[in-house]
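Here the structure is laid out as structure tokens; the discussion comes afterwards.
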Amino acid sequence: MTRVKVCGITRREDREAVVAAGADAIGVINGVSVDTPREVDDETAAALVAGVPPLVTSVLVTMPEAVQSVARRVETVQPDVVQVHDGLTPTQLGALRRRVDAQLVAVVDAEHAEIEAYADAADALLVDSVDAEGGGGTGETHDWDRTREIVDTLDAPVVLAGGLTPKNVGDAVGTVRPFGVDVASGVEAEGGVKDHDAVRAFVQQAKRADAAAVEAGR
Ligand SMILES: O=C(O)c1ccccc1N[C@@H]1O[C@H](COP(=O)(O)O)[C@@H](O)[C@H]1O
């Protein structure tokens, strides 16, 4: 079953809507070096994560400069999973993984030269369309056939992100067959505010496409 993560939650009511829509994971963005309407401060991140119910996974999305700083952030926010964009080498990610009480998702773009090393250092890999500064939330898709090759090559769970919307997530799931899909800007009414109808449609389309692919033996 393709897992669905909805990322960039800034408000309690959006968190509730994402849970009600049947998403598997909720992302909060905290400690990033890019300017984004989806970033929240430490206190808000911790409060949003604390309210995620059992059986739904909370994810802290961050862009650390050092192992120490992200370890401190994990202690403050207490997520189930930390998603690391840019900044750390595979060796540093390995050190972080041993240090924190959270699972680790490493973010790469589909053409990254060290994809296997990042996959080995983390619990899962997220393939995103990153900007020049290494940030996500670009709203841009990338070459899904390349990501499908990554899914087929690696043992690690691979999450697809980048420019997904309720309209294209079905094709994305059918083409890439990822472990999960992740969306931020594609289900917003405005920057940092989720469109609850779009969130519901996104989750439905992703799950429907997964069921169709399983039925077709893909
Ligand atoms: O969403 C952001 O603004 C962001 C900023 C810095 C790092 C990561 C960020 N978001 C992640 O990027 C993916 C894809 O976003 P989108 O769907 O293309 O808008 C998102 O799911 C977050 O994990």
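The values are calculated or read from the model by the stated rules, or taken from the named source; none is laboratory data. Note that the structure is a prediction, hence the values are computed from the model and not measured. In this analysis, Cβ positions are derived from the backbone assuming ideal geometry, glycine residues included, and neighbour counts consider all displayed protein chains.
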Quick check on the stretch 33-62: of everything there that is modelled with pLDDT under 95 and not polar (S, T, N, Q), which residue is farthest from Lys194 (Cα to Cα)? Val34
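Per-residue answers, yes or no, for (1) among the aliphatic types (A, V, I, L, M); (2) in contact with a Leu (Cβ under 8 Å, 6 or more places away or on another chain):
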residue: Ser33; (1), (2): no, no
residue: Pro37; (1), (2): no, no
residue: Ala50; (1), (2): yes, no
residue: Pro53; (1), (2): no, no
residue: Asp80; (1), (2): no, no
residue: Asp101; (1), (2): no, no
residue: Ala110; (1), (2): yes, no
residue: Glu116; (1), (2): no, yes
Count, please, the residues in the stretch 25-46 that happen to be more than 7 Å from the ligand (Cβ to nearest atom) and of a type outside the set (D, E, K, R). 11
Selected residue (only one of Gly94, Gly136 is more than 18 Å from the chain's Cα centre (by Cα), of a type outside the set (Lys, Arg) and either more than 21 Å from Asn30 (Cβ to Cβ) or assigned to a loop (DSSP other than H, G, I, E, B) (or both)): Gly94
From Gly94, Gly51, Gly87, Gly22, residue being within 16 Å of the ligand (Cβ to nearest atom) and surrounded by fewer than 23 Cβ atoms within 10 Å (Cβ to Cβ): Gly87
When residues of the stretch 54-66 are limited to those that are hydrophobic (A, V, I, L, M, F, W, C) and within 24 Å of Thr89 (Cβ to Cβ), the one farthest from the ligand (Cβ to nearest atom): Ala66
Looking across the stretch 105-129 at residues that are more than 14 Å from Val158 (Cβ to Cβ) and in contact (Cβ under 8 Å) with a residue 12 or more places away in the chain, the single one that is surrounded by the most Cβ atoms within 10 Å (Cβ to Cβ) is Ala121
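This table checks each residue for (1) closer than 20 Å to Val56 by Cα; (2) modelled with pLDDT under 95; (3) crowded, with 19+ Cβ neighbours inside 10 Å.
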site: Pro157; (1), (2), (3): yes, no, no
site: Pro166; (1), (2), (3): no, no, yes
site: Phe179; (1), (2), (3): yes, no, no
site: His196; (1), (2), (3): yes, no, no
site: Phe202; (1), (2), (3): yes, no, yes
Checklist (1) within 16 Å of the ligand (Cβ to nearest atom); (2) at pLDDT 95 or above; (3) part of a helix (DSSP H, G or I) applied to Ser69, failing item: (2)
